[in-house]
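Read the structure below first, then the notes.
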Amino acid sequence: MIVGIIGSGGREHAICNKIRESPKTSKIYCIPGNAGTSRIAENVDIKLDDFKLIKDFCLNNRIELLIVGPEQPLVDGIVDYFNDTKIKVFGPNKLASQLEGSKIFTKKICKKYKIPTANFRIFETLEDTINFLYTANYPTVIKADGLAAGKGVYICKSYEEGLIAAKEIFGGKFGSAKSILIEEFLVGEEMSYFILCDGKNYQFIGTAQDHKRVGEGDKGKNTGGMGCYSPSRLLSPELAEKINLKIIKPTLKAINELGSEYKGFLYIGLMVKNTDPYLVEFNVRMGDPECQTILPLLENDFIEVLISCCDGNLKKQVIKLNNKKSICIVLCAKGYPENYKKNTELKNLENLSLKHNEYLFHAGTKLENNKIIATGGRVLNFVSLSENFKNSRDDVIKLINDLNWDNGFFRKDIGHKVID
Ligand code: AMP
Ligand code: GLY
């Protein structure tokens, strides 16, 4: 089978690697991919918003399965755009993608279907927002409605902080804002829960906990994710049962009742308080770096799994995850998430020797004149699976130290809740 993968991050390199393991794969194209994917697939330089060019390329190159990694093309309707072709596109359609594309769409579903989530209010003017902020309890959480690349969420400790957030959002910092969401601050421990859906049925495909803050001890600025461990320490059969009954089933029913269906990965961001799950957010894709942490645990033929999602017969598959402990650490360029140097060379990469159960996924890299160049803030993802989290983390740290990239930094405390 000829497969296309859309995206250029560590998530897409991990997907590419898993697809390559399937004996059913004959060729992989990554649109646009990175230096890591260029070693195992053919990279194709097309912009992600150029749906016409992507479709023409897929048709001309007989791509049969197209996997969409990031949220933006899904929210923009890439799946619907391929409806007039026979190509199987793995991911949710435009309507269902609003679960990530609009926080207000999701909150309205939560209210109608009684899905546990933070209490919330929606405001349409700055004036109404300010009036509410005078009397609000702090901390309070203020969110822009649309996609904001992981930004657009403010945890405000005071009226003054709330005012800044409201002004920035209505001022257009995250695109033109017709409304704003203010929600109750939830106390608890976060967990990310992942499922695969085929439009009718779904199956569990792992849990993870990422570390969003740049500094050790979970301090400093928010980032796209500095590392992850899987499985989450919070998961129990009772908690899974509650997540299924109170969150997943009503959400999929809501999408069906809107005349649509959900196909693809669904990422359920939760706050767990006294063994009760509260929905924080949905993402309509795998997480990054959660994907790099979880996919190496998957024992199924990944092509078979994705095709059965596209064909609506996921029931035929039994998803099997091995029970090792997985840790992923992200190696970043110094200065990230603020200003950092771009286009520095990553030497020594080819000399790293990876053992069984160790993985290196590229994120912000490109290949130029046969040299690997760091282009992004999050540059490389190192993953190890073993019998316990401490061994996995020690393995990863050793690999990063062996690479010895002088422009890089990373968090040494990933997984501290399950290790230290
Ligand atoms: P979101 O983009 O909605 O996932 O929010 C980003 C992060 O902000 C989440 O992963 C949480 O750490 C935090 N957050 C969002 N909403 C809340 C809330 N209601 N209470 C506490 N923390 C929150
Ligand atoms: N790691 C968080 C995300 O992918 O949204």
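The numbers here are math on the coordinates, done by the rules we state, and not lab data. Remember, predicted model here, so these are calculated numbers, not experimental data. Note that we place each Cβ from the backbone using ideal geometry, even for glycine, and neighbour counts take in every protein chain shown.
Below is a table of values for the structure above.
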quantity: Rounded, prolate or oblate (a/c below 1.5 giving rounded, otherwise prolate when a/b exceeds b/c) for the chain by Cα gyration tensor; calculated: rounded
quantity: Candidate lysines - alpha carbon under 26 Å from LYS52, same-chain residues fewer than 8 apart omitted; calculated: LYS27, LYS86, LYS88, LYS94, LYS263, LYS366
quantity: Percent of C-alpha pairs per 5 Å bin, region 92-170, short to long; calculated: 3, 14, 24, 24, 19, 11, 4, 2
quantity: The chain - share of DSSP beta bridges that are antiparallel (%, nearest 5); calculated: 80 percent
quantity: Translational diffusion of region 43-195, µm² s⁻¹ [Kirkwood Rh, Cα pairs; Stokes-Einstein; 10 °C; 1.306 mPa s]; calculated: 90 µm²/s
quantity: Separation in nanometres of the label points that stand 7 Å from Cα toward Cβ, at PHE57 and GLU387; calculated: 4.6 nm
quantity: Nitroxide proxy distance, nm - points 7 Å out along Cα→Cβ at GLU21 and ASP80; calculated: 3.5 nm
quantity: The chain - percent relative contact order, Cα under 8 Å, separation 6 or more; calculated: 17 percent
quantity: Equivalent ellipsoid semi-axes - Cα gyration tensor, region 349-420, angstrom; calculated: 24, 14, 10
quantity: Hits among aspartates and glutamates - C-alpha to C-alpha of LYS334 under 13 Å, sequence gap 8 or more where chains match; calculated: ASP406
quantity: Number of Lys pairs (Cα under 24 Å; 8 or more positions apart or on different chains) in region 190-258; calculated: 6
quantity: Length added when fully stretched, ASP394-LYS47, from 0.36 nm per residue minus Cα-Cα; calculated: 121.1 nm
quantity: Proximal charge balance of VAL330 [Cβ under 10 Å; K/R count +1, D/E count -1]; calculated: 0
quantity: Burial order of peptide ranges 400-407, 141-148 (average beta-carbon count within 10 Å, highest first); calculated: 141-148, 400-407
quantity: Sequence ranges 126-134, 316-324, 349-357, ranked by mean other-Cβ count within 10 angstrom, highest first; calculated: 126-134, 316-324, 349-357
quantity: Straight-distance crosslink candidates among aspartates and glutamates, where the alpha carbon sits under 17 Å from LYS108 and sequence neighbours closer than 8 are dropped; calculated: GLU100, GLU124, ASP145, GLU183, GLU184, GLU257, GLU281
quantity: Kirkwood-based Rg to Rh ratio, region 252-355, C-alpha trace; calculated: 1.06
quantity: Estimated distance in nm for a label pair at ASP218 and ASN369, the labels positioned 7 Å out from Cα along Cα-to-Cβ; calculated: 4.6 nm
